[in-house]
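In what follows, a structure is listed as structure tokens, so that the remarks can point back to it.
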Amino acid sequence: MNTIERALGILLLLSGGQRRATELAERFGVSVRTIYRDVDRLIALGIPVEAERGAEGGYRLARGYLQPPVALTRGETAALLVALALVRGLRATPLLEDLGTAQAKLLASLPRSAREVIEQGERIVAIERPPVDVFHPEPEPVAVADMQAAVDAFMQGLLASRRVRIRHENPYRGRVSDYDLEPCGLLFDRDRWYLYGWEVDLQAERFLRADRVRHAEVSGMAFRPRLDLSVQSQIGRAWLSRAMRRWEREGVASEISVSREQADRLCRDWYYRHAVFEPEGDGRLRLRIPNTDPEVILPLVRWLGPGADLVSPPDLRARLAQELAQMARDAGSAGEI
């Protein structure tokens, strides 16, 4: 029996449970030192062989390394392959390398005719990118490669119940922060991934955009998953409502007086529906937005049209008045022509 055959035999035996080195040496007719070298070769190949000391110790495979076989119908296999082609169109795909090997295994199980149709999934499945949001311009995100690494590390930590250390950039405040998170889930929204976890230092929930992660690393610290936390709690952009309240406390806000109809229109928007609307009387509402960027606020007021009154801040109100006056003059000149 050569070295490769013996290593494969050791792997098969370990898949059935723990084995002592002396037991393996006797089984294959070699020395214990040779078994040690064979185990080192398996570990070098990425096979998670664990060793336990003591009289009852020995070698075993890491729990969950070998998965039981799964039988799928042709339709089930095709459905999974189409889903894989779909997620490949995202800007980042969790565990992308593992996805490639899984796809190859699924394709191998299909008959040739079906395999030829499905193996180039991008020919039959496509993802349309969300259009640019002119009312919510944002700074350029971190490189896509960094986002992919962040999503992968977070998912690996989630599967292994290991903490993930994250360095996150906030472009609005110009700061970079470090977090030690227990991963709880991933959320995909508007062509980007969000990382949802429990921040160990502050003992609080944390919701971070993956495209703003500069570095992510799975640590050796294990944790027990918190059953009271679910990423489903963030559906409906609950995170955005909390964030807007925090932004209001941290900085100056813009206030716009709007009609009931204009408020109803804004409440259909993914972002402004989470802003604060306070009654003013006469059926009007006061909208408070934690943003004073003229590139955001002025286009919004112009889009709302007559009936919308930019109350504050005063400098934006004065600038808007000047722009509207100029537009009126331009329109008058065009009418005279």
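The values are calculated or read from the model by the stated rules, or taken from the named source; none is laboratory data. Quick caveat: nothing in here was measured; it's all calculated off a predicted structure. Cβ placement follows ideal geometry from the backbone for every residue including glycine, while neighbour counts extend to all protein chains displayed. These accessible areas exclude ligands, DNA and RNA; they are computed on the full protein's heavy atoms, side chains included. Shrake-Rupley method; radii C 1.70, N 1.55, O 1.52, S 1.80 Å.
If residue 131 satisfies every condition in (1) open to solvent by less than 90 Å² (accessible area, probe 1.4 Å); (2) at pLDDT 75 or above; (3) of a type outside the set (A, V, I, L, M); (4) over 20 Å from residue 95 (Cβ atoms) but one, which is the exception? Here residue 131 meets the rest and fails (1). Among the residues of the stretch 274-294, those identified as exposed (fewer than 15 other Cβ atoms within 10 Å of the Cβ) and under 20 Å from residue 240 (Cβ atoms) are 278, 293.
Of all residues being of a type in the set (Asp, Glu) and either assigned to a loop (DSSP other than H, G, I, E, B) or open to solvent by less than 90 Å² (accessible area, probe 1.4 Å) (or both) in the stretch 40-75, which is modelled with the highest pLDDT? Just the residue, please. Walk me through how you get there before you give the answer.
Looking only at the stretch 40-75, we keep the residues that are of a type in the set (Asp, Glu), and these are 40, 50, 52, 56.
Now narrow it down to the ones that are either assigned to a loop (DSSP other than H, G, I, E, B) or open to solvent by less than 90 Å² (accessible area, probe 1.4 Å) (or both): 50, 52, 56.
Details: 50: 86, 52: 78, 56: 60.
Among residues in the stretch 40-75 that are of a type in the set (Asp, Glu) and either assigned to a loop (DSSP other than H, G, I, E, B) or open to solvent by less than 90 Å² (accessible area, probe 1.4 Å) (or both), the one modelled with the highest pLDDT is 50.
The residues in the stretch 220-242 that are surrounded by 14 or more Cβ atoms within 10 Å (Cβ to Cβ) and touching a strand residue (DSSP E or B) at 6+ places or on another chain (Cβ under 8 Å) can be counted, and the count is 7.
Take residue 166 and decide whether it is free of Cβ contacts under 8 Å to residues at least 60 places away in the same chain, in a loop (DSSP other than H, G, I, E, B) and either closer than 16 Å to residue 94 by Cα or not polar (S, T, N, Q) (or both).
Numbers: free of Cβ contacts under 8 Å to residues at least 60 places away in the same chain: yes; in a loop (DSSP other than H, G, I, E, B): no; either closer than 16 Å to residue 94 by Cα or not polar (S, T, N, Q) (or both): yes.
No; evaluated as a whole, the condition is false for this residue.
Here residue 23 meets each of (1) open to solvent by less than 90 Å² (accessible area, probe 1.4 Å); (2) at pLDDT below 85 with one exception, condition (2).
Could you say whether any residue in the stretch 211-222 is closer than 26 Å to residue 128 by Cβ, among the β-branched types (Val, Ile, Thr) and either part of a strand (DSSP E or B) or free of Cβ contacts under 8 Å to residues at least 24 places away in the same chain (or both)? It would help to see each step written out before you state the result.
First pass over the stretch 211-222, keeping only residues closer than 26 Å to residue 128 by Cβ: 211-213.
Among the residues that remain, those that are also among the β-branched types (Val, Ile, Thr) are: 213.
Among the residues that remain, those that are also either part of a strand (DSSP E or B) or free of Cβ contacts under 8 Å to residues at least 24 places away in the same chain (or both) are: 213.
Within the stretch 211-222, one or more residues are closer than 26 Å to residue 128 by Cβ, among the β-branched types (Val, Ile, Thr) and either part of a strand (DSSP E or B) or free of Cβ contacts under 8 Å to residues at least 24 places away in the same chain (or both).
Among the conditions (1) within 24 Å of the chain's Cα centre (by Cα); (2) at pLDDT 85 or above; (3) charged (D, E, K, R); (4) open to solvent by 40 Å² or more (accessible area, probe 1.4 Å), the only one that residue 246 does not satisfy is (2). Hey, any hits in the stretch 301-315 for a residue that's touching a Gly at 6+ places or on another chain (Cβ under 8 Å), over 29 Å from residue 207 (Cα atoms), charged (D, E, K, R) and open to solvent by 80 Å² or more (accessible area, probe 1.4 Å)? Within the stretch 301-315, none of the residues are touching a Gly at 6+ places or on another chain (Cβ under 8 Å), over 29 Å from residue 207 (Cα atoms), charged (D, E, K, R) and open to solvent by 80 Å² or more (accessible area, probe 1.4 Å).
Among the residues of the stretch 77-94, how many are assigned to a loop (DSSP other than H, G, I, E, B), open to solvent by 50 Å² or more (accessible area, probe 1.4 Å) and either in contact with a strand residue (DSSP E or B) (Cβ under 6 Å, 6 or more places away or on another chain) or among the aliphatic types (A, V, I, L, M) (or both)?
Filtering the stretch 77-94 down to residues assigned to a loop (DSSP other than H, G, I, E, B) leaves 88-94.
This time we only want the ones that are open to solvent by 50 Å² or more (accessible area, probe 1.4 Å), so: 88, 91.
Filter once more, so that each one left must be either in contact with a strand residue (DSSP E or B) (Cβ under 6 Å, 6 or more places away or on another chain) or among the aliphatic types (A, V, I, L, M) (or both): none.
Looking only at that region, the number is 0.
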